[in-house]
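Below you'll find the structure, written out as structure tokens, and then a few comments.
The values are calculated or read from the model by the stated rules, or taken from the named source; none is laboratory data. A quick note: this is a predicted structure, and the numbers were derived from the prediction, not measured. Note that we place each Cβ from the backbone using ideal geometry, even for glycine, and neighbour counts take in every protein chain shown.
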Amino acid sequence: MSLSDIELRPASTNDENEILLWRNDPITVSFTPKKNTVSRIEHREWFKKQLQSESDLLLIAVIGDKKFGMVRFDLVEPSINKYYEISINLDPSFRGKKFSSHLIDLGIEYLNDRKKIIFPIFAKISDENIPSLKSFKKSKFEKYQVNDNDPYIKENVYEGWGYYIYNHT
């Protein structure tokens, strides 16, 4: 397996179970804001909305016929300043193999090729999630300082979390 073998495709109904398993993996749960698992019913509702969304993008990473991760872009519109929020997750058996930053890069390339509109892209990352911080920094994300008059981020930043913005220049 090499990084050049990775392909992204839009998620389908056949991906629902894997995404739920990856989401409820104990390591993933430990890096979520509320540190909770998601029920099958909650997941199914969320997943259905993701597949039907015209603005969001949920992609599955595959090598051959093996699914190993997902990258998601949610369009956020706090006012007229739109931005995407990126999220990634890997099958636990693929962690620590240097796939994450490549997955982020491929996801951004896919988003730009399909949407033809470049909004800022933000990642919300726990300060404790060192592997994600390293992966996003490797993929040109920089710490973003949220302030009271911020043109983008209108919600509270969780304690112990930071926003990172994609620097495409």
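With the structure loaded, tell me whether residue 74 is touching an Asp or Glu at 6+ places or on another chain (Cβ under 6 Å) and at pLDDT below 95 or whether it fails that test.
yes
Count of the range 26-45 residues, restricted to those that are closer than 16 Å to residue 88 by Cβ and at pLDDT 95 or above, is 0. Filtered by the rule that a residue be charged (D, E, K, R) and either part of a strand (DSSP E or B) or under 16 Å from residue 83 (Cα atoms) (or both), the range 122-169 gives 124, 142, 143, 150, 154, 155. None of 64, 69 is touching a residue at least 40 places away in the same chain (Cβ under 8 Å), among the small types (Gly, Ala, Ser) and exposed (fewer than 12 other Cβ atoms within 10 Å of the Cβ) except 64. Of the residues making up the range 108-125, those that are touching a Phe, Trp or Tyr at 6+ places or on another chain (Cβ under 7 Å) and under 15 Å from residue 71 (Cα atoms) are 108, 111, 121, 122, 123, 124, 125.
Of the candidates 36, 14, the single residue that is more than 16 Å from the chain's Cα centre (by Cα) and in a loop (DSSP other than H, G, I, E, B) is 36. Looking at the range 13-22, can you tell me whether even one residue there is within 23 Å of residue 142 (Cα to Cα) and not charged (D, E, K, R)? No - not one qualifying residue is present in the range 13-22. Per the listing 112, 129, the residue uniquely within 17 Å of the chain's Cα centre (by Cα), surrounded by 12 or more Cβ atoms within 10 Å (Cβ to Cβ) and free of Cβ contacts under 8 Å to residues at least 12 places away in the same chain is 112. For the range 1-49, a residue qualifies if it is exposed (fewer than 12 other Cβ atoms within 10 Å of the Cβ), polar (S, T, N, Q) and within 26 Å of residue 159 (Cα to Cα), and the qualifying residues are 30, 36, 39. I'm trying to understand the selection: among the residues of the range 72-117, which are within 30 Å of residue 149 (Cα to Cα), in contact with a Lys or Arg (Cβ under 8 Å, 6 or more places away or on another chain), in a strand (DSSP E or B) and not β-branched (Val, Ile, Thr)? Correct list: 75, 85, 87.
Scanning the range 39-71 for residues that are in a helix (DSSP H, G or I) and touching a Lys or Arg at 6+ places or on another chain (Cβ under 8 Å) returns 43, 50. Of all residues in the range 30-57, those that are farther than 29 Å from residue 128 by Cβ have Cβ atoms under 9 Å from Cβ atoms of residues that are among the polar types (S, T, N, Q) and not in a helix (DSSP H, G or I), 6 or more apart or on another chain, in 51/12.
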